[in-house]
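**Student:** Sharing a structure here in structure tokens format.
The values are calculated or read from the model by the stated rules, or taken from the named source; none is laboratory data. Keep in mind it's a predicted model, so treat the numbers as computed, not measured. A quick note on method: Cβ atoms are made from the backbone with ideal geometry, for glycine too, and the neighbour counts reach across all protein chains shown.
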């Protein structure tokens with residue numbers, strides 16, 4: 001019984017979700033970059049390309065994902081300048097729509113801050129179409 005409870009706790013721990021709300025402005029009638037995700041390892045080598053999944057669709061537009069290569073910025077600390085491949089998140093509002101739209105994007109990633117663990121990440125995007 002103890003090992004079963006330990007296993008359930010472990011599964012609950014690695015399956016926990018982190019949710020961030022990301023707010024972006026986007027022009028009407030155009031496709032816009034609203035976010036992206038890439039992974040790098042503690043030794044600054046490129047990690048696996050995250051597989052993004054739309055977990056909640058927008059009501060007034062569509063979301064697509066596009067692979068891209070880029071160099072990590074200053075937020076990557078000592079790994080700044082490392083070239084990695086990731087996924088852009090692109091949002092296209094319905095023609096003529098102006099206002100607020102929301103959607104959620106999820107993915108799984110390794111997390112190295114406290115040892116190697118797996119995190120299921122779901123971010124909420126709030127897009128203001130102008």
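**Student:** At least 2 residues that are within 17 Å of the chain's Cα centre (by Cα), closer than 20 Å to residue 104 by Cα and modelled with pLDDT under 90 in each: list the strands (runs of 3 or more DSSP E) lying fully within the range 13-74 that qualify.
**Tutor:** 17-26, 32-38
**Student:** Filter the range 75-103 for residues that are more than 17 Å from residue 24 (Cα to Cα) and exposed (fewer than 14 other Cβ atoms within 10 Å of the Cβ); which is nearest to the chain's Cα centre (by Cα)?
**Tutor:** Here the residue is 75.
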